Every structure is written in structure tokens, then in C-alpha cells.
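Chemist: Structure incoming, see below.
All of the numbers you see were taken from the coordinates with simple rules; none came from a lab. Quick caveat, the model's predicted, so the values are computed rather than measured. Backbone-built Cβ (ideal geometry, glycine too); neighbour counts: all protein chains shown.
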Amino acid sequence: MLMRAAVLTAFHSPLEIRQVEIADPAPGEVRVQIKASGVCGSDLKAIDGKSPVVSKPPFILGHESAGVVESTGTGVTSVKPGDHVIIAMNGPCGRCRSCGAGRFHLCVDPARLPTIMGGRPRITLDGTEVRRFIGIGSFAEYAVAPEPMCVKIGTSLSFDAMCLLACGVITGVGAVFNVARVRPGATVLVVGCGGVGLNVIQGAVLAGATTIIAADVADQKLKLAERFGATHAILVSDLPRQVGELIKGGVDYAFDATGAPGVLAQAFASTQPGGTTVMVGSPPAGHPLDLDTGLLFASRRLMGTQGGDSAPHRDLPMLAGQYLRGRLDLTGLISERLPLDQINEAVTHIRQGTVARTVITF
């Protein structure tokens with residue numbers, strides 16, 4: 001089947017709207033008509049050649065998506081054509097040692113659609129194989145994904161809001177609940193107030209944190225952070241000193257949502273003895289971390305996370321429920337909605353830091 005897609009044909013270049021061919025779903029697979037796809041900082045890293053999972057173009061980016069099941073392969077039982085779904089970033093196998101221990105985010109055999117099935121590429125452009133970002137590639141009219149990655153949602157929920165749950169929301173809120181396990185009454189620092197950082201803030205509010213300090217280099221993002229529940233907002237200069245002036249001795253929990261070298265160490269130094277720091281943003285691979293080991297000696301903890309350590313079929317419905325009950329603001333995260341033809345404008349706006357989230361709508 002032919003479809004339109006935004007294709008990365010070369011690093012450091014604009015995405016090209018091209019007509020590509022997508023194969024029919026094989027056994028155990030689902031073809032989804034994409035209705036909305038958020039533009040994430042991870043997509044920008046891929047464009048810049050800095051993503052560890054995008055080695056060589058051509059690629060279809062996009063991984064934060066929701067849509068309608070168009071067709072299914074044989075053996076699919078959990079969804080059917082017409083169902084509304086979120087395409088999760090991972091689909092735990094349920095069989096490996098990690099899944100058996102309930103650590104689904106550490107699954108060693110997650111559902112990922114091979115690029116080639118039966119000797120045939122899943123997506124082609126002029127006869128050349130086109131790979132998809134983390135097995136999804138949602139900057140396109142359709143995507144094919146394994147059944148375990150498709151999480152059914154109610155038909156009353158808006159696609160533009162639901163797509164955000166797949167990455168930015170589940171990563172930010174999951175970092176609070178699944179990783180740090182922020183306790184009620186705690187003090188929290190969130191460094192980086194883009195799409196993920198704002199959801200860390202929302203998660204901290206849900207967890208009952210009493211003091212939530214938002215830190216960024218852009219005043220516009222700090223204003224957004226206050227709208228989402230931050231009690232204090234600081235323009236970063238000397239982060240440990242600034243935090244210490246607000247919370248004597250440092251915060252209980254710090255979250256680095258930037259992935260910028262050097263920021264994690266500052267966040268770590270902003271915690272009190274016994275405090276916890278979570279690296280939410282992804283730093284450049286192989287970059288050394290310069291920490292004061294004396295801070296570690298004071299029982300401070302440093303933790304990492306990928307996608308908020310989530311279990312999609314558990315966490316995505318829960319987050320959708322929080323949204324329905326008015327406890328999670330998703331529509332407020334959306335700064336603009338653009339059609340696929342304006343995908344490069346969306347990329348520019350994300351780079352400029354003028355938006356929380358841009359959603360491509362179909």
C-alpha cells in the first residue's frame with residue numbers, strides 16, 4: 001500500500017515528504033492509520049545524527065503516536081480494525097527473566113517489528129528499504145507494529161492528547177512514580193522544562209510533592225512550568241547554590257530532563273544527603289560523568305531511566321484515566337497542531353524552544 005511519509009534522507013537535512021510503500025501486516029502485526037504524532041527531542045537527535053538507534057538514512061522518524069487500527073495480521077486477538085490505539089515505545093515479551101520479575105521495562109526480548117519479513121522490507125522508497133524509528137515511524141500516514149505495542153484506548157479520547165502519553169507523558173510521570181517513587185510532602189527539582197520536564201512536574205504534583213522547583217535557561221519555559229504546578233522557577237546559573245537558597249541542604253529528589261552534559265552533576269549536587277537524582281534526558285553516548293564522590297558517600301542515589309520504566313499496558317490506561325478525571329493536563333501541553341507537510345516547521349519550533357509540544361495531525 002502506498003502512503004505519504006516524512007523521510008530523513010540525510011543527516012542534518014530537512015525531512016522530505018515522499019510516497020513510500022508499506023507492506024501488509026504479517027502474523028501478529030497491526031497496521032495503524034496514524035491520527036496524531038508528537039514531535040520529540042529524540043527525533044531531533046536522529047536528524048542531527050546523534051541518535052544511537054538511527055545509524056543510516058533513509059529513516060521515518062516519529063514514535064509518539066495514536067491512531068485507528070486499519071488491519072491486522074493472523075493471530076491478533078487484542079485489537080481489531082476500527083479500534084483506537086496508542087503505539088507504545090516497547091512491548092514486553094512477558095516471558096523473559098525481567099518480565100517474570102515484573103521489571104517489564106528491562107525486557108530482553110521486547111516486541112520490535114523487524115525491518116524485513118520473509119525477505120521483503122516492511123517499507124520501501126523507490127525500491128530501497130526505509131527503516132522506522134524504534135520500530136514505529138509515525139511521521140507517516142500508517143505504521144505497522146507488533147500486537148504487544150498496541151494499547152487500546154476509548155473512542156471518546158482525542159488522538160492529539162493520547163499520542164503524548166506514548167513518550168513525553170509516560171517518561172516524565174513514570175520517572176516520578178516508577179523510578180524515584182516520590183513521596184508525599186517531598187521537595188523536588190526539575191531541570192529542563194520542555195515536554196518531558198513538564199510531565200515530571202505534573203507527576204510530582206500527582207505524587208503530593210509540596211515544593212517543586214523548575215529550572216531552565218529559557219524564561220518562557222519557566223512560565224509554562226508554573227502553569228503545570230511548579231512552586232518556584234529559576235533561571236539556571238549556579239544550580240546547587242540557587243536551590244540551596246530555596247531549600248536549605250538541597251531537595252529530596254532531582255530530575256535532569258535535559259540530557260545536556262554537565263547538567264546532571266549540577267542536579268545531583270542540588271540534593272540533600274540521602275536524596276535521589278534521576279537522569280531522565282538522554283546524554284550523548286560515551287560521555288563521562290564528573291561527580292563529586294563525596295556526595296555519593298552521603299548516601300545520595302543516582303538513577304537512570306528509559307521511558308519512565310513503564311509497562312505500557314499498565315501505565316498508559318492509568319494515565320488516560322488521570323486525564324479523564326482532570327488530574328493530568330494533556331491539552332495544555334500542545335502548543336500547536338500542524339499537518340505533515342509542515343513537519344520541518346515543527347522541528348524548527350522545537351529547536352527554538354518556543355513550544356512545549358508540537359503535534360502532527362493527519
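Chemist: Mind checking the dipole of the chain: about its Cα centre, +1 per Lys or Arg Cβ, -1 per Asp or Glu Cβ, Debye to the nearest 20?
Modeler: Roughly 720 debye, rounded to the nearest 20.
Chemist: Right, another one. For the range 39-159, what number results from the quotient of the Cα radius of gyration and 2.2 N^0.38 Å? Please report the intermediate quantities before stating the final value.
Modeler: Details: Rg = 15.1 Å, N = 121, 2.2 N^0.38 = 13.6 Å.
Its radius of gyration relative to the 2.2 N^0.38 Å reference: 1.11.
Chemist: How do the peptides 268-280, 321-333, 241-253, 176-188 rank, highest first, by the average count of neighbouring beta carbon atoms within 10 Å per residue?
Modeler: Going by the mean number of other Cβ atoms within 10 Å, highest first, we get 268-280, 176-188, 241-253, 321-333.
Chemist: Turning to a different aspect of this structure: Compute the label zone of Asp290 within the range 258-277: residues whose backbone N is under 20 Å from the point 7 Å along Cα-to-Cβ.
Modeler: Within reach of a label on Asp290, which here means backbone N under 20 Å from a point 7 Å along Cα→Cβ, the range 258-277 contributes 258-271.
Chemist: Could you tell me which of rounded, prolate or oblate describes the range 233-362, using a ≥ b ≥ c as the square roots of the eigenvalues of the alpha-carbon gyration tensor, with rounded for a/c under 1.5 and, failing that, prolate when a/b is larger than b/c and oblate otherwise?
Modeler: Details: a/c = 2.02, a/b = 1.65, b/c = 1.23.
It comes out prolate by the Cα gyration axes.
Chemist: Identify which of Ala346, Ala320, Ala260 has the largest mean-square fluctuation in a Gaussian network model of the chain, with springs joining Cα atoms closer than 10 Å.
Modeler: Greatest mean-square fluctuation among the candidates belongs to Ala260.
Chemist: Classify the range 246-318: rounded, prolate or oblate, from the alpha-carbon gyration tensor (a ≥ b ≥ c, eigenvalue square roots; a/c under 1.5 rounded; otherwise prolate if a/b is larger than b/c)?
Modeler: Judged from the Cα gyration tensor, the range 246-318 comes out oblate (a/c at least 1.5, b/c at or above a/b).
Chemist: Also, I was wondering about something else. When the helix-only estimate is applied to the chain (DSSP H runs of n ≥ 4, each -39,500 (n - 2.57), divided by the residue count), what is the mean residue ellipticity at 222 nm, nearest 500 deg cm²/dmol? Let's see the in-between values first.
Modeler: Values: 11 runs with 86 residues, N = 362.
Calculated from helices alone, the mean residue ellipticity at 222 nm is -6500 deg cm²/dmol.
Chemist: So what are the range 218-280's ellipsoid semi-axes, whole angstrom, largest first, if each one is the square root of 5 times an eigenvalue of the alpha-carbon gyration tensor? Each step should come with its number before you reach the end.
Modeler: On the way: eigenvalues 66, 40, 26 Å².
The three semi-axes for the range 218-280 are 18, 14, 11 Å.
Chemist: Next question, about the same structure. So what's the range 152-258 giving for Cα Rg divided by 2.2 N^0.38 Å, two decimals?
Modeler: For the range 152-258, the normalised Cα radius of gyration is 1.08.
Chemist: Find the Rg to Rh ratio for the range 293-343, where Rh is the Kirkwood radius over alpha-carbon pairs and Rg uses the same atoms.
Modeler: Answer for the range 293-343: 1.22.
Chemist: Please compute P(r) over all alpha-carbon pairs of the range 3-66, binned at 10 Å starting from zero, and give each bin as a whole-number percent.
Modeler: Going out from 0 Å in 10 Å bins, the range 3-66 shows 20, 47, 31, 3 percent.
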